[in-house]
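No value in this document is a laboratory result; all are computed from the given coordinates. These numbers were taken from a predicted model, which means no experiment stands behind them. Every residue, glycine among them, receives a Cβ derived from its backbone with ideal geometry; neighbour counts consider all protein chains shown.
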Amino acid sequence: MTDDLTADMPLIRIRGLHRVFGEGAARAHVLRGIDLDIHAGEFVAIVGTSGSGKSTLMNILGLLDRPSAGSYHLAGKDVARLSRDARAGLRNRLFGFVFQQYNLIPTLTALENVELPASHAGAAREARRARAAALLRSLGLGHRLTARPLQMSGGQQQRVSIARALMNGGAVILADEPTGALDAESGRQVMRLLSDLAGRGHTVILITHDTDIAARAGRVIRVGEGRIAGDSGTRAAGPAVPVLPETTGSRSAFLHALREAARSALAAIGASPVRTALTLSGIVIGVASVVAMLAIGRGAQEEFVKRASAIGTNWVVVGSDQDTRMPRRPLTLDDAMALKGLPNVAGVMPGRWEQATVRAGAFSIDTDIIGTDRDFRGVHGWDVVRGSFFSEADERGGSPVLLLGSTVAGTLFPDGRDPTGEFVFVNMSPFLVGGVLESKGLSENGSDRDKVVAMPLRSLESRVYGPGELSVIVVALQDMARLDESNALLREAMIRRHGTEDFWLADAAGAFAAAEADRASQNLLLGAVATISIFVGGIGVMNIMFITVRERTREIGIRSATGAAMRDILVQFLTEATVLSALGGLAGLALAVGIGAVAALGLGMPVVFSVTVALGALAGATAMGAAFGLVPAIRAARLSPVEALASP
């Protein structure tokens, strides 16, 4: 803007203006060399029949469209050199539009519609709301602040449109057939308002086909076949040409724009709840599946660790390789005794597992029988809660004594009395109950560890089943940091005794590692399923956003006309996609909690939720939605304002 602007300089100067639409046979030459000056403060009516080019001229004057040729200077500045956002800034600060079809956003109240220009200008919410309310009251609509367009008459909607045009000052009012959709009385009221605005110094440019309406203006310009066909004359110089507002910088802070976009996004989403729910189904399922299944998996893992820890974590199991095709030697008590003298060995428990029926009076139970020695207590960390452990003499002599697991004791003695000192029958052999083992709960595979009976190995062999090979030898280590060294020594000792490797070794660390590997594989599978679900949900968000952009094309045009920059439109629809996805993620978390509750309370499964997993799933769903919403948002931002306004 130059510094030598005077009242003699036209506010608007157009020279040789042409506007051509289409190509080839569809080419339409609408404006054909328009020359026009309009001074600040004029009340100008541009009159012409339908198709004469008057609305196209108004769109160019209001910076909604660009000419195909010619020049347009606004307050001395060549607007052809302005960027699209700079033109939006001028529409926001300088122009106010009053349309024949009102062009109010149907989902917004009268107050919110009037606020739009100030919102795009970055005005504080409280200040712009107060100004919008004051404008509506001055136009007789103080009682309709919260009414939506469909709840108002045509005259009321047009007054809301005029209030919106004045929201940021409205130095130039562009009214396109403002009375065309109104009854006679409403039309007269609108014209009185426009005349009053002109009288207060606003530049009013009225587009109409009605010569009676045009006669209310101070100057009448007739347009025909794309040319100026008549002009009643240029009025004398009026108010000084306004200085154009700065349009080179950001008109509003990013956080303000984001906050406004989020508020609008929630309103738009709430307008179509069923469609929103269907769109979000993929994201909801994806987030719920990964969070709930990982919670169940983590619960199972922790339960495994808890149960495994109940029998100690410093053990190595030696077992006979039943699948080998080579001749093999059975595991024997001598093998167990030979391992006891190795370095780093804290204890060696021989174990022979069999099945037997145990009876006491009228009660019986089929259970596991373990033939072992006193190292059972130290190796497994499994002591008695009643009575006492069998002695070394019991082991040597094969005494008929045994220890009952808590489940077996409860089944055989349901009255809850201490079974110590009572006699029970194992198959047909009588045994004295020496005590009751402490409860260990379920094993890592879900079986009841307390459904067991322990007795000296020689007692099992001499009184119940006869001689036989050991099922396993469990070796307790003093220092698990020397596990590899100990495994090597155990393997060497067993090969030395058997002459070949006809056995296998397993240790607690390996069991934990295998369980962790299984859990990692499950997590990977669940992650893949969840990613696919969220990806499909993201595609759904993109599709619905494309539909939303198409359905709200006119709204985009209205926002552009009131000064929304490309960035504002982009942020608006991108925020909507992001909020949509975030809501889907939150719904997925809620569903995951519900699934976890059913699993824990209804099915008795261990469930451990991870805040990190939940936040990660929510962030992933939100990011996926934002990524898929970017293309529709860019398409919305690139829509031509004039074409968007023409959308049905």
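Highest mean first, the peptides 108-118, 571-581, 193-203, 39-49 sorted by other C-beta atoms within 10 Å per residue fall in the order 571-581, 108-118, 39-49, 193-203.
Annotation for region 363-432: trypsin sites (Lys or Arg not before Pro) lying in DSSP loop with at most 12 further Cβ atoms inside 10 Å of their Cβ are Arg417.
Bridge orientation summary for the chain: considering DSSP beta bridges with both residues in this region, about 65 percent are antiparallel. Sorted ascending by nearby beta carbons within 10 Å, beginning with the fewest, Met349, Met428, Met152 become Met428, Met152, Met349. Using R0 = 41 Å, the C-beta based FRET efficiency linking Arg125 and Ala25 works out to 0.20. For region 96-164, the list of trypsin sites (Lys or Arg not before Pro) that fall in a loop by DSSP and count at most 15 other C-beta atoms within 10 angstrom is empty.
Computed from the Kirkwood radius of its Cα pairs, the Stokes-Einstein diffusion coefficient for region 329-499 at 25 °C and 0.890 mPa s stands at 146 µm²/s. Loop-resident trypsin sites (Lys or Arg not before Pro) (DSSP state other than H, G, I, E or B) in region 550-648 with no more than 16 further Cβ atoms inside 10 Å of their Cβ: Arg638. Does a label point 7 Å from the Cα of Gln151, set along Cα-to-beta-carbon, have any residues of region 109-138 with amide nitrogen under 15 Å, and which are they? The answer is 109-114. Taking amide H as placed 1.01 Å from N in the peptide plane, Ala346 has its amide H under 5 Å from the amide H of Ala476, Leu477, Gln478, each at least 5 places away in sequence or on another chain. With axes computed from alpha carbons, what is the tilt in degrees of helix 84-93 against the longest principal axis of the chain, rounded to the nearest 10 within 0 to 90? Here the helix axis deviates by roughly 70 degrees. When only Cα pairs below 8 angstrom with a gap of at least 6 residues are kept, region 329-499 shows a relative contact order of 33 percent.
Along region 145-156 the Karplus relation, 6.51 cos²θ - 1.76 cosθ + 1.60 evaluated at θ = phi - 60°, assigns HN-Hα couplings of 4, 9, 6, 8, x, 5, 9, 10, 6, x, x, 5 Hz to successive residues, with x for each Gly and Pro.
Total lysine pairs in the chain at Cα distances under 24 Å, for residues eight or more apart or on different chains: 4.
Helix 508-551 and the longest principal axis of the Cα set of the chain meet at an angle near 20°. Put a plus charge on the Cβ of each Lys and Arg, a minus charge on the Cβ of each Asp and Glu, and nothing anywhere else: the dipole of the chain about its Cα centre is then about 3480 debye.
Here the gap between Ser71 and Ser391, fully extended at 0.36 nm per residue and compared with their Cα-Cα distance, gives a gain of 104.1 nm. Applied to region 620-626, the Karplus parametrisation 6.51 cos²θ - 1.76 cosθ + 1.60 on θ = phi - 60° returns per-residue 3J(HN,Hα) values of x, 5, 5, 5, 5, x, 5 Hz, with x for Gly and Pro.
Taking each DSSP H run with n ≥ 4 as -39500 (n - 2.57) and averaging over every residue of the chain yields -15000 deg cm²/dmol at 222 nm.
Residues whose amide H falls under 5 Å from that of Ser68, counting only those 5 or more places apart or on a different chain, are His18, Arg19, Val20, with hydrogens built in the peptide plane. Karplus-based coupling profile of region 460-476, in residue order and whole Hz: 4, 6, 8, 10, 10, 10, x, x, x, 7, 6, 6, 8, 10, 9, 10, 8, with θ = phi - 60° in 6.51 cos²θ - 1.76 cosθ + 1.60 and x standing for Gly or Pro.
Taking label points 7 Å from Cα along the Cα-to-Cβ direction, Ser429 and Gln478 give a separation of 3.6 nm. Taking only Cα atoms, what is the 0 to 90° angle, nearest 10, from helix 254-270's long axis to the longest principal axis of the chain? It is inclined by approximately 80 degrees. Annotation: peptides 21-34, 212-225, 479-492, ranked by per-residue average of other Cβ atoms within 10 Å with the highest first, follow the order 212-225, 479-492, 21-34.
Where the alpha-carbon atoms of the chain are placed on the principal axes, they occupy 131, 52, 46 Å, in descending order.
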